[in-house]
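Let me begin by presenting the structure, written as C-alpha cells, before commenting on it.
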Amino acid sequence: MAAAAARWLLLRASAPAPSLNPTDGVKAPSSIPTSPIATSLHVRAAAPRSSARRLRTPPLRCTSPSSDGPAEPTLAVLLEVEGVLADVYRFGSRQAFNVAFQNLGLDCANWTEPIYADLVRKASGDEERMVVLFFDRIGWPTSLPTSEKGSFTKSVLREKLKALEKLSSTDALPLRPGVEKFVDDALSEAVPVAILATYGRNGEKISRSIAEKLGPGRTSKIKIVGKEEVERSFYGQLVLGEGVASSLDEQLTKEAQKAASAEKQRVAEEVASLLKLSVDISTASKRSEKIIATLRAGSEYVGRDVQNCILVTGSQPSVIAAERIGMPCIVLRSSLTARAEFHSAKAVMDGFGDTDLTISKLLSKRWS
C-alpha cells in the first residue's frame with residue numbers, strides 16, 4: 001500500500017504544471033543555465049508551486065553569438081585537485097603524517113618514502129588502515145589500552161589533516177609541472193575550465209588552498225566547484241534536493257536502489273554479527289553519488305553537456321563515476337596510482353606537457 005502511495009505521489013509530482021494565464025503576472029526566471037538539465041526542467045522551474053522550495057540559479061556567463069571570428073570550442077575541461085593539480089600523496093600526506101607523529105609525541109614513528117609506499121600498497125591508500133598496519137608492525141604505545149586503539153588512530157588522522165592544511169598553503173606542496181601552462185592554453189583557446197574541489201580525500205579546504213596556487217590571474221577566469229556550488233546547481237537542487245522531484249523514472253530507480261541496498265545491508269549485518277564485523281555497504285555508492293553530482297554541477301558551470309566535458313582525474317572512483325554519466329575522462333598518474341590500471345579511461349598519461357596532456361591534444365581528440 002505504501003509503495004502504491006509513493007508511486008502515486010511521484011506520478012503527481014512529475015505531471016506537467018498547469019498552463020498560466022498571461023495576465024496572472026507571473027514572470028519567468030531572468031536567466032536559465034545552458035545545461036540540458038535546466039532546459040528539460042525549464043517549465044517547472046519557471047512556474048513553481050507556492051509550496052515548493054525556491055530554486056537558486058548558479059552564476060552564468062552570458063555571451064551573444066557573432067558571425068565574426070571563429071566559433072568557440074564545444075569542449076570544456078574539469079580538473080580534479082589531489083593527484084592532478086598536485087601530487088598530494090608524494091609531497092603532502094607522508095610529511096603530514098610525520099608532523100602528526102611528532103605532535104603526538106610518537107618519536108618512534110617516522111614514515112620514510114619506502115615505508116609509506118609499502119603501506120599505501122598494502123592498504124590500497126586507506127589511511128586509517130595504513131596507521132593500523134604500521135603500529136601492528138612496530139608495536140602500539142605501551143600506555144594505550146587495546147580498547148582505545150580506534151580512538152588513537154582517529155587522533156593521528158586528525159593531526160595529520162591539520163598538518164596537511166598548513167602544508168598545502170606553502171611551497172613544500174607544489175603544483176604539478178606544466179599545469180599552469182595547461183590552464184593558460186585552455187583559456188587562450190576559449191576552453192572553459194572548472195576545478196572540482198568537493199570530493200578530495202583530504203577535504204575541500206585543502207583542495208581550495210591548492211587551487212589558489214594557480215594565482216588570482218587564473219582563478220578569476222575559472223570556476224572552482226565546491227560543496228556550495230554543487231548545492232546551488234540545477235542538478236543539486238532538482239535531483240539531490242529534498243521535496244523537489246526529478247523525472248519519474250529517475251525517482252523510481254532511486255527508490256528501487258534504496259530498497260535493494262537496504263536488503264543487502266540487512267543480510268550483511270546478519271553475517272557481520274556472526275563474524276563480529278561492522279559493515280557499511282552504502283559508503284561506496286554515496287561517494288559515487290557525490291562525485292557524479294560534482295561532475296554534473298561542473299558541466300553546468302562551464303556551460304557544456306557532460307559528453308563535451310573532459311574530466312582529468314587521478315582516481316578510479318572518478319573514472320567509474322564519469323563512465324556512468326557518459327563523460328570522457330583522462331587519467332594522470334600520481335605516486336598513488338603509478339601501477340594502477342584504468343581500462344575505461346580514454347587515455348592514461350604521466351603528466352602535463354608536450355609528450356603528455358596538452359590542450360591541443362584534447363581539441364584534436366588525440367588521446368594518446
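We did not get these values from a lab; they are worked out from the coordinates using the rules stated. Worth saying up front: this structure is predicted, and the values here are computed from it rather than measured. Note that we place each Cβ from the backbone using ideal geometry, even for glycine, and neighbour counts take in every protein chain shown.
A straight chain from GLU231 to TRP140 at 0.36 nm per residue would run longer than the Cα-Cα distance by 28.5 nm. For the pair THR355 and LYS154 in one chain, pulling the backbone fully straight at 0.36 nm per residue adds 68.2 nm over the alpha carbon distance. Starting from the 7 Å offset along Cα-to-Cβ, what nm value, one decimal, do you get for the label separation of HIS343 and ILE320? Between HIS343 and ILE320, the simple spin-label model gives 1.3 nm. Among the listed pairs LYS162/LYS365; LYS122/LYS290; LYS221/LYS290; LYS166/LYS221, which have their C-alpha atoms separated by more than 29 angstrom in this model? In this structure, LYS162/LYS365 exceed 29 Å between Cα atoms.
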